[in-house]
Amino acid sequence: MSIRAIVAQHPGGPEVLEFVEVGDPKPGPGEILVQTTGVGVNFIETYQRSGLYQVPFPFTPGAEGSGRVLELGEGASGFEPGDLIATAEARASYADRFVVEAAKAVRVPEGIATDVAAAIPLQGLTAHYLATSAATPEPGETALVHAGAGGVGLLLTQILVTRGVRVITTVSTPEKRELSLAAGAAEVLDYEGFAERARELTGGEGVAVAYDGVGKTTFDGSLDALRVRGELVLFGGASGPVPPFDLQRLNAGGALSVTRPSLAYFLLTPEERAWRYGELFAGIAEGEINIRIGARFPLAEAAAAHEALEGRRTTGKVILEP
Ligand code: NDP
């Protein structure tokens, strides 16, 4: 039997993403086969598609998705056929069916719709580890979050605010400004002059933590916005990779720190994964975390989804629907 999937034969622009028939994936030992109900689109897939991050081609993108369990591979446990699962750690989820290690999937709690389930794991777990582990701003401290109306940005803002942190964000349009304010941002800034403005808004001191997923165009300003012993968490490069920089800048800025984390290193054990999912789902159930799906595309139109994401035309989560 065959299924349909997005395949890129070689690196390139969004147009390399073709919707084609491929062989039906089979679950290996410890894995489950899932009938896709939703695919989460994430910025990393644009880096992989363009060749910025090295992946083997032909390549089917996708780490995030939701769906119904169809089949369990040898030794896989914890699920039954028909269960609705979600994951941030699948292989090739831009497809009608995908495979994931059973240990890296989670059963979706009652009350969460099948498509919303695909919008939660990757950006949700990322926002959770950024707020609780990569840096730990204290209640009353101020954090700067770039791209405040983006997928990670909206969730990170909400999680920080529930933890008592004052959040300042940057966004590029008035619509994004409104979304960021609704997520709980105390102040929403333009990118132009954001470092000076963040400093003014903290009485000249600077912010305790700057969360920067924009990268190339914001990195310098993020360093300038930090208080003494402030921390810069560089977690992505939506505007491009950050060039090498002089470590003396950390000294001159007042014993600053920079870290460059990624999600895989914050899901190291089953317990850590369960803790993060547990807090995320609880926050959603209690209404503290609102999942915004800003755009939906048919799976076949993954190229249009990438164009919109890279073109800064999206807010919140971007979903593909099989
Ligand atoms: P977003 O929904 O945040 O989309 C990216 C946003 O970045 C845009 O909407 C735009 O918002 C802003 N941006 C600023 N400059 C540019 C530019 N030149 N080109 C495109 N976008 C720009 O995406 P995600 O939430 O999926 O990801 C956000 C970041 O987090 C990415 O860098 C991603 O790689 C990273 N990430 C890192 C993870 C990790 O563990 N390290 C895990 C998940 C994501 P605006 O128009 O308001 O400026």
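The values are calculated or read from the model by the stated rules, or taken from the named source; none is laboratory data. Remember, it's a predicted structure, so these values are computed and weren't measured experimentally. Heads up, the Cβs are rebuilt from the backbone with ideal geometry, glycines too, and the neighbour counts pull from every protein chain shown.
A compact table of results
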{"read-out": "Qualifying residue in segment 15-34 (condition: under 19 Å from G311 (Cβ atoms), out of contact with any Phe, Trp or Tyr (no Cβ under 6 Å at 6 or more places or on another chain) and surrounded by fewer than 22 Cβ atoms within 10 Å (Cβ to Cβ))", "value": "yes"}
{"read-out": "Search result, residues across segment 129-153 that are more than 17 Å from L256 (Cβ to Cβ), surrounded by 24 or more Cβ atoms within 10 Å (Cβ to Cβ) and more than 8 Å from the ligand (Cβ to nearest atom)", "value": "A131, V145"}
{"read-out": "P174 being free of Cβ contacts under 8 Å to residues at least 12 places away in the same chain, assigned by TED's automatic domain parsing to the domain that holds D212 and surrounded by fewer than 18 Cβ atoms within 10 Å (Cβ to Cβ)", "value": "yes"}
{"read-out": "Matching residues in segment 134-154 - criterion: being within 16 Å of the chain's Cα centre (by Cα), of a type in the set (A, V, I, L, M) and assigned to a strand (DSSP E or B)", "value": "V145"}
{"read-out": "Residues (under 17 Å from A300 (Cα atoms), assigned to a helix (DSSP H, G or I) and not acidic (D, E)) located in segment 11-52", "value": "P14, V16, T46, R49"}
{"read-out": "Complete set of residues in segment 249-300 that are in contact (Cβ under 8 Å) with a residue 40 or more places away in the chain and among the charged types (D, E, K, R)", "value": "R273, R276, E279, E288, R292, R296"}
{"read-out": "Segment 255-283 - residue that is over 17 Å from the mean Cα position of the chain (by Cα) and either among the charged types (D, E, K, R) or in a loop (DSSP other than H, G, I, E, B) (or both) and, of those, nearest to G213 (Cα to Cα)", "value": "L256"}
{"read-out": "Candidates S133, S172 - the one that is of a type in the set (S, T, Y), more than 27 Å from G254 (Cβ to Cβ) and out of contact with any Gly (no Cβ under 7 Å at 6 or more places or on another chain)", "value": "S172"}
{"read-out": "Segment 124-151 residues that are touching a residue at least 24 places away in the same chain (Cβ under 8 Å) and among the acidic types (D, E), paired with ones that are more than 11 Å from the ligand (Cβ to nearest atom) and outside any loop (DSSP other than H, G, I, E, B) (beta carbon under 6 Å, 6 or more apart)", "value": "E141/A208"}
{"read-out": "Among (1) within 30 Å of P11 (Cα to Cα); (2) more than 10 Å from the ligand (Cβ to nearest atom); (3) not hydrophobic (A, V, I, L, M, F, W, C), the one test that Y265 misses", "value": "(2)"}
{"read-out": "Odd one out for L247 among (1) assigned by TED's automatic domain parsing to the domain that holds H146; (2) buried (at least 21 other Cβ atoms within 10 Å of the Cβ)", "value": "(2)"}
{"read-out": "Qualifying positions in segment 238-254 - in a loop (DSSP other than H, G, I, E, B) and more than 30 Å from T46 (Cα to Cα)", "value": "G253, G254"}
{"read-out": "Qualifying position, being within 12 Å of the ligand (Cβ to nearest atom) and crowded, with 24+ Cβ neighbours inside 10 Å, among L160, L156", "value": "L156"}
